[in-house]
């Protein structure tokens with residue numbers, strides 16, 4: 001019988017960056033923002049009709065950024081979209097600021113891209129505070145993984161949404177949204193190596209039958 005193909009962990013590729021803000025008197029319950037101002041912020045950002053799944057902040061070296069206008073023809077209502085998202089809620093009179101920054105790490109000797117990272121700002125400071133905080137956090141993330149003398153850091157312009165809430169509830173978001181991904185297929189030698197490493201002694205022996 002022919003074996004079904006096996007795949008390694010999928011790799012995100014094309015992405016776009018967006019931001020938005022929502023402000024409304026609508027909303028109730030323990031989280032009055034979710035179905036009101038947060039939904040409006042998603043709509044301003046152009047991603048209101050996706051099922052959003054949150055990811056952490058690592059960007060593969062082969063990933064690339066495209067404008068949302070280029071991505072939009074490929075949107076499908078109700079599709080699952082994985083995002084790296086900053087989101088912050090506030091009440092009337094408060095400033096809500098969400099920021100999303102990106103950095104690319106290059107090998108100083110070869111110029112090769114080693115990968116990238118995103119960072120999120122969620123707070124009540126102004127846009128300048130968000131931008132400086134993101135820069136500092138991105139540098140920290142990168143230099144915890146790579147020696148400063150061996151890499152160059154390239155920073156993208158951060159996406160920042162910052163507003164003073166006018167109504168009862170306000171939400172700001174900024175997000176990196178993955179549009180495509182690849183599924184590297186497992187080779188036969190890779191599959192055999194993984195099977196050979198199986199921990200057969202991990203499980204206790206089955207109890208003897210009476």
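Summary table
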quantity: Residue 28 at pLDDT 95 or above and outside any helix (DSSP H, G or I); calculated: no
quantity: Spans of strands (runs of 3 or more DSSP E) in region 135-210 with at least 2 residues in contact (Cβ under 8 Å) with a residue 60 or more places away in the chain and either in contact with a strand residue (DSSP E or B) (Cβ under 9 Å, 6 or more places away or on another chain) or surrounded by 15 or more Cβ atoms within 10 Å (Cβ to Cβ) (or both); calculated: 159-164, 169-178
quantity: Test: residue 118 is under 30 Å from residue 93 (Cα atoms), surrounded by 13 or more Cβ atoms within 10 Å (Cβ to Cβ) and over 17 Å from the mean Cα position of the chain (by Cα); calculated: no
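Yes/no matrix, rows are residues, columns are (1) crowded, with 21+ Cβ neighbours inside 10 Å; (2) closer than 19 Å to residue 172 by Cα; (3) in contact with a helix residue (DSSP H, G or I) (Cβ under 7 Å, 6 or more places away or on another chain); (4) without any contact (Cβ under 8 Å) to a residue 60 or more places away in the chain:
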site: 79; (1), (2), (3), (4): no, no, no, yes
site: 93; (1), (2), (3), (4): no, yes, no, no
site: 96; (1), (2), (3), (4): yes, yes, no, no
site: 103; (1), (2), (3), (4): yes, no, yes, yes
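Residue by residue, here is whether (1) more than 26 Å from the chain's Cα centre (by Cα); (2) more than 23 Å from residue 54 (Cβ to Cβ) holds:
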site: 110; (1), (2): yes, yes
site: 130; (1), (2): no, no
site: 144; (1), (2): no, no
site: 147; (1), (2): no, yes
site: 180; (1), (2): no, no
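The values are calculated or read from the model by the stated rules, or taken from the named source; none is laboratory data. The shown structure was predicted, so the numbers you read here are calculated from the model rather than taken from an experiment. All Cβ positions, glycine included, derive from the backbone under ideal geometry; neighbour counts span all protein chains shown.
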